[in-house]
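All of the numbers you see were taken from the coordinates with simple rules; none came from a lab. Just so we're clear, the structure is a prediction, and the values are computed from it rather than from any experiment. FYI the Cβ positions are ideal-geometry reconstructions off the backbone, even for glycines, and counts take in every protein chain you see.
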Amino acid sequence: MLSKLGTTLRLISFLSYMNLRWTFLCAALLIFAEGAFAQDPATLVGKPMPKFSMTDLSGKRLTNASLKGKVIVMDFWATWCITCRHVSPIVEDLHQKFQSKGLVAIGVDVAEKKPHVAARYKKLHHYSYRFTEDNDKFATSIGVGPLPTVIVVDRKGIVRRVEGGYYSNESVDMDKLVAKLIAEK
């Protein structure tokens, strides 16, 4: 997401150098086109989760196939995101309650400037759920924009909920949803 914005800004700068009159028209067209073709992750609800492959911090590969039959909570976050820090404890609580019943919680770290910050964050906060790093391409491919974004996938691999941002009742709502999905066989 950040690289798209940087590319757009560089192009706008070049266009203004070349011909100031067309800059605003071209900028408007670029911004419209970028928004028009970006996928909204909410459109995934009710559909199979797109194919993914991530590696957790212990080196284990996480894919649709390896997590088949599990309820999945994917928390797209970044260490610099203040509201993400409110969601991480919720994901940890879900992990503690439902891991033994078939839940896989994954902290999907994106948009970081430095490597290995997810490992430090996990250790600092004593989180026990899985974390992955360097997921920008995956996040962009499914349209993740605002952070945090939480995607919940049922045992059949169908996306059941997408939540962008943080809201005060998220803990209660996620707990109820995960309990319901765990009960579905």
Once phi is turned into ³J(HN,Hα) by the Karplus curve 6.51 cos²θ - 1.76 cosθ + 1.60 with θ = phi - 60°, what whole-Hz value does each residue of the range 135-145 show in order, with x for glycine and proline? 10, 4, 5, 5, 4, 5, 5, 9, x, 5, x
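Loop-only check: which chymotrypsin sites (Phe, Trp or Tyr not before Pro) in the range 81-185 are DSSP coil with at most 13 other Cβ within 10 angstrom?
Tyr167
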Relative packing of peptides 57-63, 139-145, 43-49, 102-108 - highest average C-beta neighbours within 10 Å first: 102-108, 139-145, 43-49, 57-63
Under a 5 Å amide H to amide H cut-off, with H placed in plane at 1.01 Å, what residues pair with Phe131 once short-range neighbours are removed? Leu57, Gly107
Obtain the nm distance between the two label points defined at Lys123 and Asp136 by a simple spin-label model: each point lies 7 Å from its Cα along the Cα-to-C-beta direction. 2.4 nm
Listed residues Gly145, Ser128, Ala118: farthest to the positive end of the dipole of the range 115-162 (Cβ charges): Ser128
Note the full-extension length gain between Lys51 and His116 as 0.36 nm times their separation in residues minus their Cα-Cα distance, in nm to one decimal. 21.0 nm
Name the long-range amide H neighbours of Phe52: under 5 Å, sequence gap of 5 or more, or other chain; modelled H, no Pro or chain starts. Asn64
Under a cut-off of 26 Å between alpha-carbon atoms, report the lysines in cross-link reach of Lys156, not counting same-chain residues fewer than 8 places apart. Lys47, Lys51, Lys60, Lys68, Lys70, Lys97, Lys101, Lys137, Lys176, Lys180, Lys185
Applying 1/(1 + (r/R0)^6) with R0 = 30 Å to the Cβ-Cβ distance of Ser100 and Ile158, what FRET efficiency is obtained, to the nearest 0.05? 0.85
